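The values are calculated or read from the model by the stated rules, or taken from the named source; none is laboratory data. It should be emphasised that the depicted structure is a prediction, and the values quoted were computed from it without experimental measurement. Backbone-built Cβ (ideal geometry, glycine too); neighbour counts: all protein chains shown. Only protein heavy atoms, including side chains, enter the accessible area calculation; ligands, DNA and RNA are left aside. Shrake-Rupley method; radii C 1.70, N 1.55, O 1.52, S 1.80 Å.
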Amino acid sequence: MSSDTRRRKAAKIRHLLETEGESVHENTTHFNEERYDAVEEFDDYEAVRAEARAIKEDAIERLPELVERLRDSIEENGGTLYIADDAADANAYIRDVVGEAGGDTVVKSKSMTTEEIEVNEALEADDVDVWETDLGEFVLQVADEAPSHLVGPSLHRTTDDVADLFNRYFDPDEPFETAEQLTEFARDYLGDRIRAADVGMTGANFVLADSGTITLVTNEGNARKCAVTPDTHIAVTGVEKILPSLSDLGPFIELIARSATGQDISQYVSLFSPPTDSPTLNFEDPEAPAFGTDGDRSFHLVLIDNGRLAMREDEQLRETLYCIRCGACANSCANFQHVGGHAFGGETYTGGIATGWETGVHGIESAGEFNDLCTGCSRCVTACPVKIDIPWINTVVRDRLNHDHDHSEFDFLVEGLTPDEEPARLDLQKRAFGNFETMAKVGSKTAPVSNWVLDSSPVRNVMDRFVGIDQRRELPSFRRESLVDWFAARGGSKVRSADRTAVLYPDVYTNYVLVERGKAAVNVLESLGVEVIIPDVPGSGRAPLSQGMIDTAETKAKQVSDRLRSYIGAGADIVVIEPSDLAMFRRDYEKLLPARVFDMLSENSYEVLEYVFGLLENGAEADSLSNADSRLAYHSHCQQRTLGLDAYTEAVFEQLGYDVITSDVECCGMAGSFGYKSEYYELSMDVGSTLGDQFADATDRTIVASGTSCSEQLTDLLSSDVKHPVEILAPDGR
């Protein structure tokens, strides 16, 4: 990425933060709060998620069979099924149907699939009037904007924005001011168009193969009006929306509203097996019977392929087809919460899952525009009702983008000079951050000279221009003596032949930068009677994986597992200080290592405060740890939270009698290398401002954070020293 491209991207993000960020943040925060409550009150939530996941896996596996079963069902009902290869094919068919119906006006309910194929533009080219009847989509149609969210397409706009827009566009006698006025106007205005329409068009949340039934899940009544008021109904949806039967629908109805908006169930769950038997309504003749005439109804289901069947055959993208379009991944993402889908999205789709959709239906170049906004925190996996591994999809696409280049005859020069496994023409920024371990080793060996050089203005200017490392970020200060070297010079552990042996994993930052927290961890573990070993082990591969450098991450994973397996075999536990490295061992290595090796490492690795908690629960003396009357303000790392480990640190602090304020902010905004990148600096700080505001009044407390990124961000936000929990617990105060 060139410096000009970075500047343009930064300017776009800055503009969206200023113009849309506040509204997006308010609305996604509301969705999240409602979702938390809805999930907490739903006792069977995890079981239903597992059931829904299994149904989708089975349905996608059996998709060709289900398509043919659905065709039979639709035709038995008197309708027509058309399978469209791509957007052009779908639009040609839809235009023919509208033309044969003599359609001058089409009314539509909300449908991301029709956005994907741009059906409005295709129909308008035939001089057909097309009206969006969902309120949010109607706002966007008037504004000539793209949706910013899968569920709330206009959530980036405030009530005042919409009022100003409608006042300019419709010029009412009395200006609109309130949400009630806007809603009432839209209801009446669009109601007239629904009654006059020749064709109604809907999407479909789910389609049942055994009966030809389509399911519409909405919070507005417009969708079913579009389906049954005109005598021609066209439903447009992706082939992935097919479920085998009505008995499979239940889990999705339980999950979709809870995941999307935090409702137990949407206001309207409508099931149709069209064409319906009810007569068409005759609005032109008020004297006609209440149910109008007995005109024939016509129904067409247009199933869209547009890359989906290829995605089904792609082992890495296949999970995208499990998506039920709830938008929970976007709502749970800190970056999306602040900048919205007009930055975090492609031609059609927004949020974390958008990478898979955009790659599959529009091409990988579209996904490349926003893919780096996913920082891999994995909160979206926890939020997803069908447990899609969205960060891995983002990583896979990032990796493919890294390899998507024209080879040069001089590639071998770069490939031979760099320690990674990636192609020579990999973006310089990605290569630099992906090889941070090499930089740290060199920086440590040459410290303090390396720190002085890296902090000099000429070098910072070069790094900003060519690598995109923002000059406003303070760079890490490398230590001449690494943790591994210190431990060896110390003579190893002071506790020998103990009941428990812990291999303290020397992650890159702890080993070369934050050495004091490593020393404190040794002190804490030894104080609890544990023998400590610190071997010379490579970095976990987190840095290259975050840049989509999967081959390099896989090499690192193999090196780490090869070094640690012998210790595990001898009965030692692996203790990890940095949560993102533990996430590699417990989650990401499943994709990078053989199952047997992954299981061994994941089952025997522990976050350091999780391990301390276990020791205390099993009889270790808490009095051996520091229990000073200290007041703390504590923030846990996002990977800690998604692994369910944050409670252990809080429990240890409580047991030792610390007075702690615990942050409920889910993300500090730094996210490893993300916060260093010049194009994302403003977004990183904007996300972090929420955490900074929460701790702004905690000036009389020691700021504590479990992750490196969190510590760096809080240091910048609060101009305060930040400690790791083990530094608080270390008996000598280190």
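Brief remarks on what is shown
- Kirkwood Rh and Cα Rg combined as Rg over Rh, evaluated for segment 197-272: 0.97
- Helix-derived mean residue ellipticity, 222 nm - over the chain, DSSP H n ≥ 4, -39500 (n - 2.57), to 500: -14000 deg cm²/dmol
- Normalised contact order of the chain, rounded percent, pairs of Cα under 8 Å and 6 or more residues apart: 12
- Cβ-derived FRET efficiency at R0 35 Å, Leu246 paired with Asp85, nearest 0.05: 0.75
- Within straight-line cross-link reach of Lys108, lysines at Cα separation under 20 Å, skipping those fewer than 8 residues along the same chain: Lys225, Lys241
- Solvent-accessible heavy-atom area per residue, rounded to whole Å², over segment 307-371 at 1.4 Å: 25
- Rough spin-label spacing in nm, given labels placed 7 Å along Cα→Cβ, for His30 and Asp188: 2.4
- Tail fraction, Cα-Cα pairs, segment 603-660, threshold 16 Å, whole percent: 45
- Under 15 Å of direct C-alpha separation, and excluding same-chain neighbours fewer than eight residues apart, Lys556 reaches these aspartates and glutamates: Asp420, Glu421, Glu422, Glu437, Asp507, Asp536, Asp581, Asp588, Glu590.
- For the chain, the residue among Val217, Met463, Thr359 whose Cα projects farthest onto the positive side of the dipole built from Cβ charges is Met463.
- Full extension of the chain between Thr159 and Gln181 yields a length gain of 6.9 nm, computed as 0.36 nm times the residue separation minus the alpha carbon distance.
- Nearest-0.05 FRET efficiency for Ile661 and Ala50, computed from C-beta distance (R0 45 Å): 0.80
- Summed over the residues of segment 606-734 and divided among them, the accessible surface reaches 36 Å² per residue at a probe radius of 1.4 Å.
- Rounded to 0.05, the FRET efficiency of the Ala489 and Trp452 pair, given R0 = 22 Å and the Cβ-Cβ distance, is 0.35.
- Put a dot 7 Å past the Cα of Ile265, heading toward its Cβ, do the same for Ser719, and the two dots end up 5.7 nm apart.
- DSSP finds beta bridges in the chain, and of those with both partners inside it, around 20 percent are antiparallel.
- Exceedance of the 22 Å cut-off in Cα-Cα distance is limited, within the set Lys445/Lys519; Lys441/Lys519; Lys56/Lys558, to Lys56/Lys558.
- Surface share of carbon and sulfur [accessible, 1.4 angstrom probe, percent] for the chain: 46
- Trypsin sites (Lys or Arg not before Pro) within segment 491-522: DSSP coil, no more than 14 neighbouring Cβ in 10 Å: Lys494, Arg496
- For the chain, the fraction of alpha-carbon pairs lying more than 47 Å apart is 26 percent, rounded to a whole number.
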